[in-house]
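**Q** Pasting a structure below so you can have a look.
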Amino acid sequence: MNLHEFQGKEILASFGVGIQRGKVASTADEAVSLAKVLTEETGTGWHVIKAQVHAGGRGKGGGVKLAKSLDEVKSIADQIIGMNLVTPQTSAEGKMVHQVLVAEDVYYPGESETSEFYMSVLLNRSTGRNMIMYSTEGGMDIEEVAEKTPHLIFTEEVDPSTGLTGFQARNIAFNLGLSGKAFKEMVGFVTKLYKAYVESDSSLFEINPVLKTSDDKILAVDAKVTLDDNALFRRKAYAEMRDEREENPIEVEAKALGLNYVDLDGNVGCMVNGAGLAMATMDLIKMAGGDPANFLDVGGTANAKRVEEAFRIILKDPNVKAILVNIFGGIVRCDRVANGIVEAYKNMADQINVPIIVRLQGTNSELAKQIIEESGLEVHAAVEFQEAADKVKALLR
């Protein structure tokens with residue numbers, strides 16, 4: 001589950017991580033009021049207005065601007081709230097901005113220069129260990145840094161039996177070229193950041209930039225946080241941070257129905273029971289010359305109601321040119337699934353305008369095929385994997 005910047009910073013602050021302080025507003029007038037409060041609390045005279053959407057590169061799309069007065073706070077907030085923000089990580093249509101973060105200006109003058117770093121905490125799946133990735137080149141596209149100057153990307157892998165050690169935290173500060181107060185501040189920042197990552201059950205913390213201020217404080221100026229959905233049952237407060245406005249509306253609807261659905265860019269809809277079979281079915285569609293339009297696991301209860309709900313979800317995608325139903329009848333018999341498909345098809349016959357291929361394998365699969373073939377509906381039955389692939393290929397042609 002992705003979080004907004006202000007939500008990610010709330011989690012960081014709760015673990016003692018230094019952050020660029022700010023308050024979130026939904027209107028321009030509210031932004032002005034919060035800017036006044038922020039000035040009283042922090043002494044800041046200038047404010048940074050940041051669009052709150054689940055996408056990076058907001059500054060490139062005009063979603064991050066500096067306001068040097070309360071009048072500018074109002075005009076900039078009014079401009080950003082309600083805009084469709086287009087960034088390198090959004091579609092061409094962009095994302096609607098519903099709120100802005102009014103943040104303190106932390107690039108104030110002082111005795112030394114400011115420095116920007118990149119830092120993220122994530123799981124290295126090849127080793128099965130958490131990893132801190134960091135660079136002196138903060139504020140830039142880290143992918144470009146990795147491609148052109150890979151020697152500027154550093155990593156620290158954390159042994160789960162010991163956790164992050166003091167030596168590793170100091171090594172990170174050393175590799176970032178810090179000394180004195182800034183060195184000590186970075187050691188504390190890294191230690192608290194890793195603790196926040198582990199104890200919040202996150203799958204990604206990305207801070208870009210991590211700022212060394214002119215008075216040698218270390219602050220998270222941005223925060224991209226992704227929480228592990230599987231752990232939300234024990235993180236009720238975090239679960240309430242979900243902003244469904246930022247998510248694919250079809251995926252939100254499918255989740256409410258208890259369907260495991262992921263929207264893709266292809267032309268063949270998939271309805272499958274079991275994640276492994278769903279992945280194999282997507283491979284089957286690719287081999288047949290098509291592209292999967294979705295991942296949809298209906299689970300073990302493939303009854304008429306659930307099948308109908310799945311059909312409705314799949315058909316919301318206008319790119320779908322065919323639907324492949326691939327069900328293994330283990331706990332649920334294939335003939336019962338076939339009857340459910342026939343009933344669901346009849347209930348929404350006026351809405352189905354694409355061919356449907358049904359492969360039912362397992363208990364009573366031959367009977368299921370007979371039920372499909374004798375239904376008189378525009379449904380193509382198959383038993384074997386290759387048979388289903390051939391039918392997909394023929395129908396796409």
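**Q** Taking Ala280, is it of a type in the set (Gly, Ala, Ser), more than 14 Å from Leu257 (Cα to Cα) and in the same structural domain as Asn260 (by TED's automatic domain parsing)?
**A** It is true that Ala280 is of a type in the set (Gly, Ala, Ser), more than 14 Å from Leu257 (Cα to Cα) and in the same structural domain as Asn260 (by TED's automatic domain parsing).
**Q** Going through Gly177, Gly269, Gly188 one at a time, which residue ends up being within 30 Å of Lys321 (Cα to Cα) and of a type outside the set (Asp, Glu)?
**A** Gly269
**Q** Give just the number: which of (1) assigned to a helix (DSSP H, G or I); (2) on the phi > 0 side of the Ramachandran plot does Gly258 not satisfy?
**A** (1)
**Q** For the range 171-245, please list each of the strands (runs of 3 or more DSSP E) lying entirely inside it that holds at least 3 residues being touching a Ser or Thr at 6+ places or on another chain (Cβ under 9 Å) and within 26 Å of Val102 (Cα to Cα).
**A** 202-212, 224-227
**Q** If you don't mind, there's one more thing I want to ask. Is one or more of the residues making up the range 89-100 buried (at least 20 other Cβ atoms within 10 Å of the Cβ), free of Cβ contacts under 8 Å to residues at least 40 places away in the same chain and part of a strand (DSSP E or B)?
**A** Scanning the range 89-100, I find no residue that is buried (at least 20 other Cβ atoms within 10 Å of the Cβ), free of Cβ contacts under 8 Å to residues at least 40 places away in the same chain and part of a strand (DSSP E or B), so the answer is no.
**Q** Right, next: Would it be correct to say that Val354 is of a type outside the set (Gly, Ala, Ser) and within 12 Å of Gly269 (Cβ to Cβ)?
**A** yes
**Q** Another question about this same structure. Take the conditions in a helix (DSSP H, G or I) and at pLDDT below 95 and apply them to Glu147. Does it pass?
**A** In short, yes.
**Q** Out of the residues in the range 224-255 that are surrounded by 17 or more Cβ atoms within 10 Å (Cβ to Cβ) and of a type in the set (Asp, Glu), state the one that is nearest to Gly82 (Cα to Cα).
**A** Per the stated criteria, the residue is Glu246.
**Q** Give Ile327, Ile352 a once-over and let me know the one that is out of contact with any Gly (no Cβ under 9 Å at 6 or more places or on another chain) and β-branched (Val, Ile, Thr).
**A** When all the criteria are applied, what remains is Ile352.
**Q** Related question: Can you say whether Ser179 is among the small types (Gly, Ala, Ser) and closer than 30 Å to Lys236 by Cβ, as far as the supplied structure shows?
**A** no
**Q** Looking only at the range 316-375, count how many residues are free of Cβ contacts under 8 Å to residues at least 12 places away in the same chain and among the small types (Gly, Ala, Ser).
**A** 0
**Q** Name the residue, out of Glu116, Glu104, that is surrounded by 15 or more Cβ atoms within 10 Å (Cβ to Cβ), more than 19 Å from the chain's Cα centre (by Cα) and under 29 Å from Gln168 (Cβ atoms).
**A** Residue meeting the stated conditions: Glu116.
**Q** Something else: Name every residue in the range 197-218 that is crowded, with 22+ Cβ neighbours inside 10 Å and not charged (D, E, K, R), in order of residue number.
**A** Within the range 197-218, Tyr197, Ser202, Phe205, Ile207, Asn208, Val210, Leu211, Ile218 meet the criteria.
**Q** Same structure again: Suppose we filter the range 61-88 for residues that are over 18 Å from Thr27 (Cβ atoms) and surrounded by 16 or more Cβ atoms within 10 Å (Cβ to Cβ); how many remain?
**A** 4
**Q** Taking Gly138 and the conditions (1) crowded, with 20+ Cβ neighbours inside 10 Å; (2) of a type outside the set (Val, Ile, Thr); (3) modelled with pLDDT of 95 or more, which numbered condition does it fall short on, given that it satisfies the others?
**A** Answer for Gly138: the failing condition is (3).
**Q** Of all residues in the range 364-397, how many are part of a loop (DSSP other than H, G, I, E, B), of a type in the set (A, V, I, L, M) and either under 14 Å from Val337 (Cβ atoms) or in contact with a Gly (Cβ under 6 Å, 6 or more places away or on another chain) (or both)?
**A** Residues meeting the conditions: 1.
**Q** How many residues does the range 314-343 contain that are crowded, with 22+ Cβ neighbours inside 10 Å and part of a helix (DSSP H, G or I)?
**A** Result for the range 314-343: 5.
**Q** Please enumerate the residues belonging to the range 35-77 that are more than 25 Å from Glu206 (Cα to Cα), polar (S, T, N, Q) and part of a loop (DSSP other than H, G, I, E, B).
**A** Thr44, Ser69
**Q** Considering every residue within the range 231-250, establish whether at least one is of a type in the set (S, T, N, Q) and closer than 23 Å to Asn124 by Cβ.
**A** The answer is no; no qualifying residue exists.
**Q** Please determine, by comparing only the residues of the range 47-61 that are over 19 Å from the mean Cα position of the chain (by Cα) and at pLDDT 95 or above, which one is farthest from Ser91 (Cα to Cα).
**A** His47
**Q** Do you know which residues across the range 164-186 are in contact with a strand residue (DSSP E or B) (Cβ under 9 Å, 6 or more places away or on another chain), small (Gly, Ala, Ser) and surrounded by fewer than 19 Cβ atoms within 10 Å (Cβ to Cβ)?
**A** The answer is Gly177, and nothing else.
The values are calculated or read from the model by the stated rules, or taken from the named source; none is laboratory data. Since this is a predicted model, take the numbers as computed values, not measurements. Positions of Cβ are generated from backbone atoms using ideal geometry, with glycine treated the same way; all protein chains shown enter the neighbour counts.
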